[in-house]
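Enquirer: The structure under discussion is supplied below as structure tokens; questions concerning it will follow.
Coordinate-derived values only; no laboratory data. These figures come from a predicted structure and were not determined experimentally. A quick note on method: Cβ atoms are made from the backbone with ideal geometry, for glycine too, and the neighbour counts reach across all protein chains shown.
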Amino acid sequence: MSTNAGIACALNLTLWQPCCIVCCGEEPSVNAKEKLTSIGQPVPELPVADVERAQQHYRDALGFEIGWLYPGKGIGAVSRGHVAIFFRRREPPFEPAIHWIFAEDIDASYKELRSSGANIVEPLEKKPWGLRQFTVQDLDGNLFYFHHD
């Protein structure tokens, strides 16, 4: 299989297409007749200096509920609706996480987070790539790009 053919098939995120045999010479491991199992949403684990402080910040500034805090306070969680976030204590300096979040009503989300005291580091605006977007940064530098197209 050529590298370009492999990339072309790897980028096809739909169910297997007949082109896979043509370009790769291989049948995929999951074909159109097999049913994919259901999996849940990924839960991000954000690096933070202090898990309990992060939980309180997400509750107070971002509207989350505190879920649990493991004994020793090295890991904990918050949730908001169907979204859960885990926090794990790390020694600074660490690489902050970046997340893109689709907001159905970007104006309402912006107004809510601004009024609750979220640290909005880029205001709501239309970006050159066509999205209306704003950016929130948490106490540990983790970034959330809220967007709507």
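Enquirer: Using alpha carbons only, how many angstrom separate the centre of segment 133-149 from the centre of segment 58-95?
Expert: Cα centroid of segment 133-149 versus Cα centroid of segment 58-95: 16 Å apart.
Enquirer: Roughly what % of DSSP beta bridges within segment 45-148 run antiparallel, to the nearest 5? Numbers along the way, then the final one.
Expert: On the way: 20 of 29 bridges.
Here the share of antiparallel DSSP bridges comes out near 70 percent.
Enquirer: Under the rule of at least 5 residues apart or a separate chain, name every residue whose amide H is placed under 5 Å from the amide H of Ala84.
Expert: Here the answer is none, since no amide H 5 or more places off falls under 5 Å of that of Ala84.
Enquirer: When only Cα pairs under 8 Å and 6 or more residues apart are kept, what is the percent relative contact order across segment 34-149? Mind showing how you got there, number by number?
Expert: Details: 209 pairs, mean separation 28.2, N = 116.
24 percent.
Enquirer: Please sort by residue number the GluC sites (Glu not before Pro) in segment 66-149 whose DSSP state is loop and whose Cβ has at most 11 other Cβ atoms within 10 Å.
Expert: On the way: sites: Glu104, Glu112, Glu125; in loops: Glu104.
Here the GluC sites (Glu not before Pro) that fit, given the DSSP loop and packing criteria, are Glu104.
Enquirer: Output ³J(HN,Hα) for segment 136-149: one whole-Hz value per residue in order, computed from phi by the Karplus curve 6.51 cos²θ - 1.76 cosθ + 1.60 with θ = phi - 60°, and x for Gly and Pro.
Expert: Result, ordered by residue: 10, 10, 8, 5, 9, x, 5, 10, 10, 9, 7, 9, 8, 9 Hz.
Enquirer: Next question, about the same structure. Report D for segment 45-148 in µm² per second (integer): Stokes-Einstein, Kirkwood Rh on Cα pairs, 37 °C, 0.692 mPa s. Provide the component values of the computation, followed by the final result.
Expert: Details: Rh = 14.1 Å.
Once the numbers are plugged in, D ends up at 232 µm²/s.
Enquirer: Still on this model: Any chance you could run the full-extension gain for Arg90 through Ser38? It's 0.36 nm times the residue separation minus the Cα-Cα distance, nm to one decimal.
Expert: 15.5 nm
Enquirer: Now a separate question. Name the residues of segment 70-93 whose amide N is less than 16 Å from a point 7 angstrom out from the Cα of Arg53 along the C-beta direction?
Expert: What the label zone holds, given the 16 Å backbone N cut-off, is 73-76, 87-93.
Enquirer: Could you run the Karplus curve 6.51 cos²θ - 1.76 cosθ + 1.60 with θ = phi - 60° over segment 61-76 and give me ³J(HN,Hα) per residue in whole Hz, x for Gly and Pro?
Expert: 9, 10, x, 7, 10, 6, x, 7, 9, 5, x, x, 6, x, 8, x
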